[in-house]
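Encoded as structure tokens, here's the structure I'll be asking about.
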Amino acid sequence: MRKLLLGMGVLLSSLVLISCGNNTSSNKYDSDKTIDSKINKAADEAISGSSSDSSDESTLSSSSSSSESSDESSTASSSVSDDKSKEELKTTISTPMNKENYSNIENGVLEAANYDDEKDPNNSGARKRFDSRTENLKRISKDAENKVSKEKKWLTSSDYSSLVDYTKKLSNYLDSLYNYAVTFQADNPSINNPNTSSDLASSLQAEIDSAKSDYLSKKAAWSDAFDSIENG
């Protein structure tokens, strides 16, 4: 009986030691977990702060660069000599096309506009030629407009204003030429058709005449602007 009680005492002591060990291990795990959590939180805050600082530095750098670029552009424009600016302006309006080139393009468009799609509806070659030449007018106008801002730093304020005005008149001329060519090609075949009533033919002719008048007026304004810069 004594041996049994002694054995039970040993067993109870072992259980107590194991329980204490488990509690110690559990407490250590919880402590380690808390420490890991604090470390991770600190790391997150450090990363967040670093990212914010980097973003601020980037914003400041970008702002500074933009400001310097703006100042440089402004300074470049005001520091150009009158002679160099005038020469640059003349080169800009005559490159890549001079006045003769524009005239050749105009003649090509008007020639293609004579295509009669009522008499020859299956002439796909003539149709494509007309469409290609008229669409080319839009491309030329867009290219000229895109060049304006790129020339600012090479021109004086006065010459830059002249370029803006010239480009607007060039675009108006090309747009009116496009409108006249399209109107003529659409209306002229019906006017020449003997089955078209006289009233309709008169109305169509009035449309053509109005488009032509606008085109010739815009062409004259562009031509005067071109000559003024070339002879200035």
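Testing LEU137 on (1) crowded, with 17+ Cβ neighbours inside 10 Å; (2) farther than 26 Å from LYS219 by Cβ; (3) not acidic (Asp, Glu), one condition comes back false. Which one is that?
(2)
Any residue at all in segment 168-177 that is open to solvent by 70 Å² or more (accessible area, probe 1.4 Å) and not polar (S, T, N, Q)?
yes
Residue-by-condition table, conditions (1) under 20 Å from THR92 (Cβ atoms); (2) open to solvent by 70 Å² or more (accessible area, probe 1.4 Å); (3) in a helix (DSSP H, G or I):
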| residue | (1), (2), (3) |
| --- | --- |
| ALA144 | yes, no, yes |
| SER149 | yes, yes, yes |
| LEU204 | no, no, yes |
| SER228 | yes, yes, yes |
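Okay, residues lined up against (1) touching a helix residue (DSSP H, G or I) at 6+ places or on another chain (Cβ under 6 Å); (2) within 30 Å of ILE191 (Cβ to Cβ):
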site: LYS86; (1), (2): no, no
site: PRO96; (1), (2): no, no
site: ALA112; (1), (2): yes, yes
site: ASP116; (1), (2): yes, yes
site: SER124; (1), (2): no, yes
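What residue, among those in segment 85-104 that are over 12 Å from GLU230 (Cβ atoms) and part of a helix (DSSP H, G or I), is least open to solvent (accessible area, probe 1.4 Å)?
SER85
Being hydrophobic (A, V, I, L, M, F, W, C) and free of Cβ contacts under 8 Å to residues at least 24 places away in the same chain is the filter here, so list the residues in segment 93-147 that pass it.
If the condition is that a residue be hydrophobic (A, V, I, L, M, F, W, C) and free of Cβ contacts under 8 Å to residues at least 24 places away in the same chain, then ALA126 is the only one that fits.
State whether the residues of segment 174-191 include one that is in a helix (DSSP H, G or I), over 30 Å from SER149 (Cβ atoms) and either modelled with pLDDT under 95 or among the aromatic types (Phe, Trp, Tyr) (or both).
Yes, segment 174-191 contains at least one residue that is in a helix (DSSP H, G or I), over 30 Å from SER149 (Cβ atoms) and either modelled with pLDDT under 95 or among the aromatic types (Phe, Trp, Tyr) (or both).
Ok, one more. Residues being open to solvent by 70 Å² or more (accessible area, probe 1.4 Å) and among the charged types (D, E, K, R): count how many of those fall in segment 211-226.
Here the count works out to 2.
Criterion first (surrounded by 13 or more Cβ atoms within 10 Å (Cβ to Cβ), farther than 26 Å from THR167 by Cα and small (Gly, Ala, Ser)) does SER190 satisfy it?
Yes, satisfied.
The values are calculated or read from the model by the stated rules, or taken from the named source; none is laboratory data. Treat the numbers as computed from the prediction; the structure is a model and nothing was measured. For neighbour counting, all protein chains shown are included, and Cβ atoms are generated from backbone atoms with ideal geometry for every residue, glycine included. Note: areas computed on protein heavy atoms with side chains; ligands, DNA, RNA excluded. Shrake-Rupley method; radii C 1.70, N 1.55, O 1.52, S 1.80 Å.
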